[in-house]
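In what follows, a single structure is set out as structure tokens and then discussed.
What follows draws every value from the coordinates through simple rules; no lab data is involved. Since we're looking at a predicted model, the values are computed, not measured. All Cβ positions, even for glycine, are placed from backbone atoms using ideal geometry, and neighbour counts span all protein chains on display.
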Amino acid sequence: MKIAAIICSLLLLYSCKQKVEPYSKPSSFIKHDQMVEILFEMELVEAEYQGIKNQDTLSLPRMKANFEGIFAKHSTDVESFKSNYEYYLRAEKMDAVLNDVLTKLNTTLTEVEAEVE
């Protein structure tokens, strides 16, 4: 009897599970290269914020405004970015995107270090 109740409960939970197309692209799809550029720019803004957050009370609103500027520059918005970010995560393509972002960050760091020397 207990086993039947457990099985029925599991079937009920499984049937209530929302069915999501794991690989369906968002309607306003952001291509790989553009996603890399957006995340790269966001990382630069985040790094700046981390460096000044304890000294500047306006740093968080400025960071949010900078993110909005990045989205506007790339003709997207927060909701579209989020849905694309989730798509890349579900489609298991985020590793490639983040590797490209990291490569771009390292290249930029090398260029900045060369200018300082």
Using θ = phi - 60° and the Karplus relation 6.51 cos²θ - 1.76 cosθ + 1.60, list the HN-Hα couplings for the range 45-59 in order, rounded to whole Hz, with x at every Gly or Pro.
-> 5, 4, 5, 4, 4, 4, x, 10, 4, 7, 9, 10, 5, 9, 5
First measure r as the distance between the Cβ atoms of SER59 and GLU111, then evaluate 1/(1 + (r/R0)^6) with R0 = 30 Å and state the FRET efficiency to the nearest 0.05.
-> 0.75
Fewest Cβ neighbours within 10 Å first, please rank VAL101, VAL78, VAL45, VAL116 accordingly.
-> VAL116, VAL78, VAL45, VAL101
When a footprinting reagent is the concern and you count Cβ atoms within 10 Å, what order do GLU43, GLU79 take, fewest first?
-> GLU79, GLU43
Summing +1 per Lys or Arg and -1 per Asp or Glu among the other residues with Cβ less than 13 Å from ARG62's Cβ gives -2
Of LYS25/LYS82; LYS64/LYS93; LYS25/LYS93; LYS73/LYS93; LYS31/LYS93, pairs whose Cα-Cα distance is over 21 Å | LYS64/LYS93; LYS73/LYS93
